[in-house]
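Visitor: Next up is a structure, given as structure tokens.
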Amino acid sequence: MSRNFRMSVEITGASLHRFEAIKTAASGEWDFDDWHARLRESAATSYLQAWGEGRLCGGEADDAFAERLTRVIWAANQGFCHVEVTSVYLDELPSETFTFDREWYDHLLKKKEKP
């Protein structure tokens, strides 16, 4: 069974010269739509960020995916960097349903009539 997710990843503290390798490796694990990078002289203040929608298959949970993605990123970086993965389960997003029946209609009409 596959489940729809929107995944985002933010990577800080990576080696600046490894950004392309990191993007390639991470994109092999998830179909990230877009990558944004802020390059500074220091790796500590530089970051890579991406997001995309896709499916987790084979019963893989989002936390297991996040760990797998982080390991791939660390391998591409050839060492530790801070990795933050945010997952949003798209099949059951929180939602609100608003129903306006006749009683509510009458209530709104009375409310409108008052100054």
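Visitor: Count neighbours as other Cβ atoms within 10 Å of each site's Cβ, and list the chymotrypsin sites (Phe, Trp or Tyr not before Pro) in the range 10-85 that are DSSP loop with at most 11 such neighbours.
Guide: Those satisfying the criteria are Phe80.
Visitor: If you don't mind, there's one more thing I want to ask. For the chain, what's the radius of gyration and Dmax over Cα atoms, in angstrom?
Guide: Cα only, the chain: 21.9, 70 Å (Rg, Dmax).
Visitor: Loop-only check: which GluC sites (Glu not before Pro) in the range 1-59 are DSSP coil with at most 13 other Cβ within 10 angstrom?
Guide: Glu41
Visitor: As I understand it, the value is the acute angle between the Cα axis of helix 62-77 and the longest principal axis of the Cα atoms of the chain; what does it come to in degrees, rounded to 10?
Guide: It is inclined by approximately 30 degrees.
Visitor: For the range 78-90, what does the Karplus curve 6.51 cos²θ - 1.76 cosθ + 1.60, with θ = phi - 60°, yield as ³J(HN,Hα) per residue in whole Hz, taken in order and with x for Gly and Pro?
Guide: 6, x, 5, 8, 6, 10, 10, 10, 10, 10, 10, 7, 7
Visitor: With r as the distance between the Cβ atoms of Arg55 and Asp34 and R0 = 30 Å, compute the FRET efficiency 1/(1 + (r/R0)^6) and round to 0.05.
Guide: Step by step, r from the Cβ atoms, then E = 0.95.
Visitor: So, one more: Can you pull out the trypsin sites (Lys or Arg not before Pro) in the range 6-107 that DSSP calls coil and that have at most 12 other Cβ atoms within 10 Å?
Guide: Here the sparse-neighbourhood loop sites are Arg40.
Visitor: Hey, rough spin-label estimate for Ala75 and Ala21, points 7 angstrom out along Cα→Cβ, what's it come to in nanometres?
Guide: Inter-label distance under the simple model: 1.3 nm.
Visitor: While we're here: Hey, what angle do you get for helix 102-113 against the long axis of the chain, alpha-carbon based, 0 to 90 degrees rounded to 10?
Guide: The helix 102-113 is inclined about 80 degrees to the chain.
Visitor: Around Trp51, with a cut-off of 10 angstrom between Cβ atoms, what is the net charge of the other residues, counting Lys and Arg +1 and Asp and Glu -1?
Guide: Within the 10 Å Cβ shell, the charges total -3.
Read-outs throughout are calculated quantities, based only on the coordinates presented, and are distinct from any laboratory measurement. What you see is a predicted model, and the numbers here were worked out from it, not measured in a lab. Quick reminder, even Gly has a Cβ in these numbers, built from the backbone with ideal geometry, and neighbours come from all protein chains shown.
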